[in-house]
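Below: one structure, written as structure tokens.
The values are calculated or read from the model by the stated rules, or taken from the named source; none is laboratory data. Computed from a predicted structure; not experimentally measured. Neighbour counts are summed over all protein chains in view; Cβ atoms, including those assigned to glycine, are modelled from backbone coordinates with ideal geometry. Side chains are part of the model used for accessible areas, which takes the heavy atoms of the whole protein and leaves out ligands, DNA and RNA. Shrake-Rupley method; radii C 1.70, N 1.55, O 1.52, S 1.80 Å.
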Amino acid sequence: MGSREGMYTAPGGTHVSGRWSTCETRPPMRPLSASRADLSRRARWMRSATPTVYRPATPLRGARSPDPGGCLDMATQTPAVLRSRIGSAVASGRGLMRAFFTRGARRRRQEDVLLELLGQLRLMTEEIHRANLIQQYRLTLDQMDRAIDDPSLADAGSTLTGLSEVKRRQMIFANREYGILLMAHKIGVCDWEELLGHLRVLCRNQLFAEYWDRTSEHRRSLPADSLETQVGEVVDVMIEELADGPEEWWIVGPGSAGPDS
């Protein structure tokens, strides 16, 4: 094999001359360092090259630019955007105030309904109490009526001794009349002044005055603050005044102002 002599261009644009064997298809590759001329040429090319500037894509019309931080300066925003945000804030504030007053009105309605229910419950309780009083006194009147009709029953229920059959019936009936007046006042049929007027008339009856004198010991066992005790004190004064002067029977002494005075 012979050798050849010639020139070839190495990678990088450098011409290399030399001798190599004819059996070789190309000269052997040797690492070549760039010459100063090449470096200078590359540097001039880099200085003269125009840099490529990448511009962001143009946003669509009407689209809002992203604001990751949420810290855009409001001074840089357009008046329309500012008015939109202020209007939204005002609308939100109105909604909160409307909800607050709505809850307050609902709470007031609930309180009014509760007070009305409590008032109705109080009235119902009073009605039940009056109904119980009436039912209890009906039983008492029934026993009195049977005692008046049957002398043997009168002896079993009476605490007064030394009375004839006729007198016992009279005392039972006087007690019955006095109890009816008390019950009428308890259930609200007559007020305090009306009760005193009925008692003034009843005290003019001699049989009632006798009944009142015979039952004085019975009233001493009653509680001092009870209605019957207060009424009994008024009746005592009425009977005393009738005994002193019948012409002044309408004058009521101490204790006539009412049980709550």
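Can you find a residue in region 179-186 that is assigned to a helix (DSSP H, G or I), of a type in the set (A, V, I, L, M), at pLDDT 90 or above and over 25 Å from Leu139 (Cα atoms)?
no
Only residues that are part of a loop (DSSP other than H, G, I, E, B) and open to solvent by less than 70 Å² (accessible area, probe 1.4 Å) were counted in region 144-175, giving 5. Selection of first residues in region 155-175 that are of a type in the set (Ser, Thr, Tyr) and of second residues that are open to solvent by less than 70 Å² (accessible area, probe 1.4 Å), restricted to Cβ pairs under 9 Å at least 6 apart or on distinct chains, gives the following pairs, ordered by first then second residue: Ser158/Ala147; Ser158/Arg168; Ser158/Met171; Ser158/Ile172; Thr159/Thr215.
Just the residues that are of a type in the set (A, V, I, L, M), open to solvent by less than 100 Å² (accessible area, probe 1.4 Å) and closer than 30 Å to Phe173 by Cα, please, taken from region 119-141.
Passing the criteria: Ile128, Ala131, Leu133, Ile134, Leu141.
Condition check: out of contact with any His (no Cβ under 8 Å at 6 or more places or on another chain), closer than 24 Å to Glu241 by Cα, in a helix (DSSP H, G or I) and in contact (Cβ under 8 Å) with a residue 40 or more places away in the chain. Does His198 satisfy that? No; evaluated as a whole, the condition is false for this residue. Restricting attention to region 215-261, the residues that are of a type in the set (S, T, N, Q), at pLDDT below 75 and more than 49 Å from the chain's Cα centre (by Cα) total 0.
For region 216-227, a residue qualifies if it is of a type outside the set (A, V, I, L, M, F, W, C) and either without any contact (Cβ under 8 Å) to a residue 12 or more places away in the chain or surrounded by 17 or more Cβ atoms within 10 Å (Cβ to Cβ) (or both), and the qualifying residues are Ser216, Glu217, Arg220, Ser221, Pro223, Asp225, Ser226.
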